[in-house]
Structure formats: C-alpha cells, structure tokens
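S.K.: Pasting in a structure now, in structure tokens, and then I'll have a few things to ask.
The values are calculated or read from the model by the stated rules, or taken from the named source; none is laboratory data. Model, not experiment: these values are computed from the prediction. Neighbour counts run over all protein chains shown; Cβ positions are idealised from the backbone, glycine included. Each accessible area value is taken on the protein alone, full model and side chains, heavy atoms only, with ligands, DNA and RNA left out. Shrake-Rupley method; radii C 1.70, N 1.55, O 1.52, S 1.80 Å.
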Amino acid sequence: MKIAIIGSGGREHALALTISKSSSVKEIFCIPGNAGTSKIATNVDMDINEFDKMYKCISDNSIDLVVVGPEQPLVNGIVDYLEKFNIKVFGPNKIASQLEGSKIFTKKLCQEYNIPTANFGIFENRIDAKKFLKSAKYPNVIKADNLAAGKGVYICNNEQESFMAVEEIFNGKFGEAKNVLMEEFLKGEEMSYFIISDGNTFKSFETAQDHKRVLEGDNGKNTGGMGAYSPSRLINKDLEDKIINKIIKPTLKGLKDLGTDYKGFLYAGLMIVENEPYLIEYNVRMGDPECQTILPKLKTDLVEILEACCDKKLADINIEWTNKKSLCVVLCSKGYPDTYQKNILIKNIENLNPEKNNFIFHAGTKKENDKIYSTGGRVLNFISLSDDFLQARGKVHECIKKLDWSGGFYRRDIGFKVID
Ligand code: AMP
Ligand code: GLY
C-alpha cells in the first residue's frame, strides 16, 4: 500500500513511523512532513490548504490511503473533497469537524443531548456581552467561536479582563466574530480521552495528560503542549464508563441525528471534577504531543486499524496496548511561544540513536544539504516507554542532554503530578 500523511508536526512523524512498521506498507508520502519524516517517507513540499494540488499529488502517486493529521484541512472539508474522487481518507468530514471548528456547535450539541459541560451563554454583540459581564461571577472563561490554534480562550479574573477579551474577539483577532461564548470556570484536573471511530463502532484510543503552560509548575503562557504522559493518572473504570455514556455516545448520536457520522480520531478535552467528566472541548484529530506519547504503546498494526475504519470494519479489530508508561518532553526554540529564531542548526541529532522503547519525533525541523535546522517553536519530541514515569522521564532527559542544543529549552518537570 501507498499511504499519504498530511501535516508536518511531531504527531505526523509519530504517525509515519508507526505506519512504516506495518508489513502492508510499501511507500509513505508526507505532505509536507519534516526532517524526521524525510528518513522514512517522501516529503512533498505543499500547502495543506490547497486541496486541488494535494489531490493531484495523491492521484499521480496512486495513493491508497490518506491520513489527515491537523485540524485546519479537516475543518475546511478535505475529507469530503477527496472522497468525491473515491480516495480513501482517514478523518472526519466537514460537518463532523465542526466539533472542533465551532465551539458553539459543540456547546449546542451538549445542551441538546445533556452532555456535561460548563454552563455557558452565547452573545451576539458587545453590548449584551458586557451587560451580562457586569453581574457575572469570576473567574470566567471567554472564547472565540472559531479555530484559533488554541489561542482564542481567555480565563478572566475581573470585569476589566473580560471586557478586553470581548473587544479583542469582536475586533476580529481570531477571524470574523458573529458571537462570543462565555463559560463558567470549572475547577478540576484536565485529561484527554481519545477514541477512534468508523461511523458505526468506536474504540478507546487511550488517555493522556498534557502540560500546556510554557513554564515549570504549569505556569506562564499557553502553548501547543510542552509534554505529556499516558495513561492519565485520573482514569478508572467508573470514570471511563461515565465518559463513554455521558459524553462520547451522545455526541456520536447527535452527529447521526444530523445525518452524518464520525470517522477518525476524536479527542475529548475533559475537566474531571471529583471523578465526574465535563467536556471542555473536542478536537477532531489526535493531540500533539499526545499522539507521540500514545502511539509507541500501540501493539496492533495501525494501518489495519485505519483501513478498517475507512471500510467500516472497526468492530472486527482488537486494539492492543502495552501497559508501560509513556512520557514525552517537547524541546522548543528559546523564546517560544513568543518570538524565536528559526534556521538554527541542530548538530548531533543524527548521532543520538535512541535505544529500544525510546523515540525522537521531529516537529519544526527541516533538512538541507544533509544538515538539520529548526523551523518552528516546538522542534523535537523525546519519548520513553518504561515501567514507571520516573524512569521514563530519566531516559528522556538523558537523551536530551546528549543532544546539547543551545538553541532550545524544555520543561524538566513533565509528569510532576505522577512523579514528584
Ligand atoms: P479550549 O481551547 O477550549 O480547550 O481551552 C483551552 C484551555 O483553557 C483548556 O485546556 C483549559 O485549561 C482552559 N479552559 C477552557 N474552558 C474552561 C472552563 N470552562 N473552565 C476552566 N478552564 C477552562
Ligand atoms: N496538546 C493539545 C492539542 O493537541 O490540542
């Protein structure tokens, strides 16, 4: 089989490596990929929002299966577009992708299907929003409706902060805003719950917890994710039953009632309050760096699973996992998530050769003249599978130290809640 993976992050390198282990795979294309994927796949330099060019590349190379990593092309309808040409694509269609593309779509679904989530209000203009905020409780949460690369969420401690959030959103900071979403602030611990679905059947695809803040102790600005560990320390049978029955099943039913179904990975971002799950957000893809953390635990052939999903035969597959602990640390460019330098040489990365059960997945890297350079904020992911999280983190730190890249920084406390 020939497989194309769309995207260029650590998630896509992890997908490419896992896919490359399948005996049925002959060739992998990454559109556009990174320096890491170039070792196991053919990278195709292309804008992932230009669907017609991607179709041409997929058809010229007789690709059998397309796997979509990031949310933007999904929300823009890449699956519907490619399926019109009878191409097999793993990922949700445009309507189902609204679960991530519109926070208000998801909130309305929660309301209709009684899915536990923070209480909320939707306001169509700044005057009504501010009138409500004058007597609101603080802290509260104000969100832009549309995709904002994780940036359209404000946790507001007072009226002044919340007024500013409303102004920024309606002024178009995250694209045209027809409304704003306000939520009650939920106090608990966050975890990520993943499923994979073929439209008829779904299966759990493991749990993780990530560290979104840039500084140690979970302080500082929000980022795409500085590290993660799997499984989540919060998961237990009772909680999992509640997540499935109160959140996942009603969501999938809601989509069916809309006349569509869900094919792909679905990532539920949850707040757990006293062993009760509340839906914070949906993502219509694997998480990054959760994907890099979870995939090394997978024992079943990933290509078999993805194909079964496209053929609506997931019920026939038994997904098996090792019960080791997995921990991932993200090495970032100094300055991230604000401004940082690009094109910094990463010298001895090719000499690292991580031992068994240890992995390095590239994110913002490129290869030029056989040398590897940084191109993004999140540059490399270091993962270790071990018997416990402390050992895993130790292995990861050993490997990062061997790299000795002065252009980067990382959080040394990933997994502190399960280790320290
Ligand atoms: P979102 O993009 O909706 O996941 O929000 C980004 C982050 O904001 C989440 O990962 C949470 O840490 C926080 N957050 C969002 N909504 C709430 C809420 N209702 N209560 C508490 N924290 C929240
Ligand atoms: N790690 C958070 C995300 O992928 O959205």
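S.K.: Taking amide H positions as placed in the peptide plane 1.01 Å from N, state which residues far from ILE280 in sequence (5 or more) or on other chains have amide H under 5 Å from it.
M.R.: GLY269, LEU270, MET271
S.K.: Among LEU314, VAL303, VAL329, which residue has its Cα furthest toward the positive end of the charge dipole of the range 300-340, with +1 on Lys/Arg Cβ and -1 on Asp/Glu Cβ?
M.R.: VAL329
S.K.: With an 8 Å Cα cut-off and a minimum separation of 6 or more residues, compute the relative contact order for the range 62-184 in percent.
M.R.: 24 percent
S.K.: Say the cut-off is 22 Å between C-alpha atoms; which of LYS342/LYS417; LYS187/LYS249; LYS242/LYS299; LYS212/LYS356; LYS253/LYS297; LYS108/LYS242 go over it?
M.R.: Those over the limit are LYS342/LYS417; LYS187/LYS249; LYS242/LYS299; LYS212/LYS356; LYS253/LYS297.
S.K.: Another one. Please name which of ILE383, ASN351, TYR340 has its Cα lying farthest along the dipole of the range 334-393 towards the positive end, using unit charges on Cβ (Lys, Arg +1; Asp, Glu -1) and the Cα centre as origin.
M.R.: TYR340
S.K.: Express the relative contact order of the chain as a whole percentage, based on alpha carbon pairs under 8 Å and six or more residues apart in sequence.
M.R.: Numbers: 923 pairs, mean separation 69.0, N = 420.
Computed value for the chain: 16 percent relative contact order.
S.K.: Suppose a student asked you for the relative contact order of the range 255-373, using Cα pairs under 8 Å spaced at least 6 residues apart; what percent would you report?
M.R.: Taking the mean separation of contacting Cα pairs over the length of the range 255-373, I get 16 percent.
S.K.: Which FRET efficiency value, to the nearest 0.05, do you get for LYS417 and LYS347 by plugging their Cβ-Cβ distance into 1/(1 + (r/R0)^6) with R0 = 56 Å?
M.R.: On the way: r = 34 Å, r/R0 = 0.61.
Calculated transfer efficiency: 0.95.
S.K.: While we're here: For the range 270-281, take each phi angle, set θ = phi - 60°, evaluate the Karplus expression 6.51 cos²θ - 1.76 cosθ + 1.60, and give the result in whole Hz per residue in order, putting x for glycine and proline.
M.R.: Taking θ as phi minus 60°, the curve returns 10, 10, 9, 10, 6, 6, 10, x, 10, 7, 8, 6 Hz for the range 270-281.
S.K.: Run the paramagnetic zone check for SER204: 7 angstrom along Cα to Cβ, then residues of the range 236-266 with backbone nitrogen under 16 Å.
M.R.: Counting only backbone N, you get 236-249, 266.
S.K.: Additional query: Could you give the length gained by full extension between SER24 and ASN275, i.e. 0.36 nm per residue of separation minus their alpha carbon distance, to one decimal place?
M.R.: 86.2 nm
S.K.: So if I take the centroid of the Cα atoms in the range 33-78 and the same for the range 313-339, what is the distance between those two points in Å?
M.R.: Distance between centres, Cα-based: 21 Å.
S.K.: For each pair in LYS2/LYS107; LYS151/LYS324; LYS26/LYS84; LYS221/LYS366, compute the distance between the two Cα atoms and list the pairs where it is over 29 Å. Could the numbers behind the result be given before it?
M.R.: Details: LYS2/LYS107 39 Å; LYS151/LYS324 33 Å; LYS26/LYS84 25 Å; LYS221/LYS366 26 Å.
Table pairs above 29 Å Cα-Cα are LYS2/LYS107; LYS151/LYS324.
S.K.: Accessible area per residue of the chain at 1.4 Å probe, in Å²?
M.R.: For the chain, the per-residue accessible area is 44 Å².
S.K.: Subtracting the Cα-Cα distance from 0.36 nm times the residue separation, let me have the gained length for ASN171 to LEU258 in nm, one decimal.
M.R.: 28.1 nm
S.K.: If one puts a single equal scatterer on every Cα of the range 99-193 and applies the Debye formula without solvent, what log₁₀ I(q)/I(0) results at q = 0.24 Å⁻¹?
M.R.: -1.40
S.K.: Quick one: what are the phi-derived ³J(HN,Hα) couplings along the range 25-42, Karplus 6.51/-1.76/1.60 with θ = phi - 60°, whole Hz, x for glycine and proline?
M.R.: Each residue's phi maps through the Karplus curve to give 8, 9, 8, 10, 10, 10, 10, x, x, 8, 4, x, 5, 5, 7, 10, 8, 8 Hz.
S.K.: Translational D (Stokes-Einstein, µm²/s) of the range 299-384 at 37 °C and 0.692 mPa s when Rh comes from the Kirkwood sum over C-alpha pairs? Provide the component values of the computation, followed by the final result.
M.R.: Numbers: Rh = 15.7 Å.
This corresponds to a translational diffusion coefficient of 210 µm²/s.
S.K.: Rounded to a whole number of µm²/s, how large is the Stokes-Einstein D of the range 171-307 at 10 °C and 1.306 mPa s, given Rh as the Kirkwood radius over C-alpha pairs?
M.R.: Roughly 97 µm²/s, to the nearest whole number.
S.K.: Non-local amide H neighbours of ILE372 (under 5 Å, H modeled in plane, Pro and chain starts lacking H): which ones?
M.R.: Amide H neighbours of ILE372: ILE346.
S.K.: For the range 1-114, which whole-number percentage of the solvent-accessible area (1.4 Å probe, protein heavy atoms only) is attributable to carbon and sulfur atoms?
M.R.: 45 percent
S.K.: Right, next: Can you tally the net charge around SER386? Count Lys and Arg as +1, Asp and Glu as -1, for every other residue whose Cβ sits under 13 Å from the Cβ of SER386.
M.R.: +2
S.K.: When 1/r is averaged over all different Cα pairs and the result inverted, which Kirkwood radius in Å belongs to the range 9-118?
M.R.: On the way: mean 1/r = 0.0652 Å⁻¹.
For the range 9-118, the Kirkwood estimate is 15.3 Å.
S.K.: Treat each spin label as a single point 7 Å out from the Cα along the C-beta direction, and report the ASP52 to GLU355 distance in nm.
M.R.: A separation of 5.4 nm, rounded to one decimal place.
S.K.: Stretched out fully, how many nm does the piece from ASP60 to LYS178 gain, at 0.36 nm a residue minus the Cα gap? Let's see the in-between values first.
M.R.: Numbers: separation 118, 0.36 × 118 = 42.48 nm, distance 4.08 nm.
So the chain would gain 38.4 nm between ASP60 and LYS178.
S.K.: Related question: Under a 5 Å amide H to amide H cut-off, with H placed in plane at 1.01 Å, what residues pair with TRP321 once short-range neighbours are removed?
M.R.: Placed amide hydrogens put LYS299 under 5 Å from TRP321.
S.K.: Between LYS237 and THR42, what is the label-point separation in nm under the 7 Å Cα-to-beta-carbon projection?
M.R.: Modelled inter-label distance: 5.0 nm.
S.K.: I'd like to verify something in the chain: which complete DSSP H helices, judged by Cα projection on the helix axis, reach 20 Å or more and average at least 1.0 on the Kyte-Doolittle scale? If you can, show how the numbers build up before the last one.
M.R.: On the way: long enough: 389-403 (21 Å, -0.23).
None clear 20 Å together with a mean of 1.0.
S.K.: Sticking with this one: Size of the dipole of the range 184-325 about the Cα centre, Lys and Arg at +1 and Asp and Glu at -1 on the beta carbon, nothing else charged, in debye to 20?
M.R.: With only Lys, Arg, Asp and Glu charged at Cβ, the dipole is about 20 debye.
S.K.: Find the all-direction average of the projected area of the Cα convex hull for the chain, expressing the result in square nanometres with one decimal place.
M.R.: 19.7 nm²
S.K.: Within 10 Å of each candidate Cβ there may be at most 10 other Cβ atoms; applying that plus a DSSP loop requirement, which chymotrypsin sites (Phe, Trp or Tyr not before Pro) in the range 83-159 survive?
M.R.: For chymotrypsin sites (Phe, Trp or Tyr not before Pro) across the range 83-159 that sit outside H, G, I, E and B with at most 10 neighbouring Cβ atoms in 10 Å, the list reads PHE85.
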